[in-house]
1. List every residue pair whose Cβ atoms lie under 7 Å apart, where the two residues are 6 or more positions apart in sequence or sit on different chains, the first residue falls within the stretch 63-78 and is without any contact (Cβ under 8 Å) to a residue 40 or more places away in the chain, and the second residue, located anywhere, is of a type outside the set (A, V, I, L, M, F, W, C) and assigned to a loop (DSSP other than H, G, I, E, B).
2. Could you tell me which residue of the stretch 16-41 is nearest to residue 1 (Cα to Cα), considering only residues that are of a type outside the set (S, T, N, Q) and buried (at least 17 other Cβ atoms within 10 Å of the Cβ)?
3. Mind counting the residues in the stretch 1-35 that are under 19 Å from residue 58 (Cα atoms) and without any contact (Cβ under 8 Å) to a residue 24 or more places away in the chain?
4. Mind telling me which of the residues 43, 65 ends up being over 14 Å from the mean Cα position of the chain (by Cα) and assigned to a loop (DSSP other than H, G, I, E, B)?
5. Scan the stretch 1-40 for residues that are assigned to a helix (DSSP H, G or I), over 22 Å from residue 66 (Cβ atoms) and of a type in the set (Lys, Arg) and jot them down.
6. Picking from 96, 70, 113, which residue would you name as being over 13 Å from the mean Cα position of the chain (by Cα), modelled with pLDDT of 95 or more and not in a loop (DSSP other than H, G, I, E, B)?
7. Which of the residues belonging to the stretch 73-93 are surrounded by 17 or more Cβ atoms within 10 Å (Cβ to Cβ) and not in a strand (DSSP E or B)?
8. For the stretch 50-87, which positions are touching a helix residue (DSSP H, G or I) at 6+ places or on another chain (Cβ under 8 Å) and more than 17 Å from residue 3 (Cα to Cα)?
Amino acid sequence: MLLVLPGSLPGHNEYIKACRASKYAGAELKKNVEELIQWQIKRQIRKKFTSVRLEFIWYEPNRKRDKDNIAFAKKFILDALQATGVLSGDGWGQVIGFSDEFFVDKVNPRVEIFIEAV
């Protein structure tokens with residue numbers, strides 16, 4: 001199953017910056033991003049999974065951000081999959097593993113997540 005999230009998601013540096021701005025800003029950023037992801041999940045996925053393997057393909061508008069900073073958004077995605085009930089959890093029993101690939105797409109930045117039932 002494929003889930004596509006349009007645009008770029010905040011990375012680790014953006015999250016740290018928000019956390020340092022005020023004691024509530026980091027939580028607010030996480031909440032807002034997860035709500036946007038949940039909306040896309042509800043539009044695109046009608047299935048529930050017990051355990052999965054995930055492949056994340058990150059399409060960034062440029063190469064300015066480090067790959068580990070970009071992939072931090074995986075936390076938001078996994079939490080949103082759990083919040084929508086697509087996954088019952090995001091622990092060792094539900095997420096068997098994941099992989100990441102990174103590309104540049106100046107016109108259409110996005111994240112493609114391939115969800116494979118295991």
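1. As it stands, the answer is 78/90, since those pairs meet every condition given.
2. Selected residue: 41.
3. Total meeting the criteria: 1.
4. On the way: 43 fails: assigned to a loop (DSSP other than H, G, I, E, B).
Selected residue: 65, the only one of 43, 65 that is over 14 Å from the mean Cα position of the chain (by Cα) and assigned to a loop (DSSP other than H, G, I, E, B).
5. Correct list: 31 only.
6. Selected residue: 96, the only one of 96, 70, 113 that is over 13 Å from the mean Cα position of the chain (by Cα), modelled with pLDDT of 95 or more and not in a loop (DSSP other than H, G, I, E, B).
7. Here is the first cut: in the stretch 73-93, the residues surrounded by 17 or more Cβ atoms within 10 Å (Cβ to Cβ) are 73-74, 76-82, 84, 86-87, 90.
Hits for the stretch 73-93 are 73, 74, 76, 77, 78, 79, 80, 81, 82, 84, 86, 90.
8. 65, 68, 69, 72, listed by residue number.
The values are calculated or read from the model by the stated rules, or taken from the named source; none is laboratory data. Small disclaimer: the values here were computed from a predicted structure and weren't measured. Note that each Cβ is placed from the backbone with ideal geometry, even for glycine, and that neighbours are counted across all protein chains shown.
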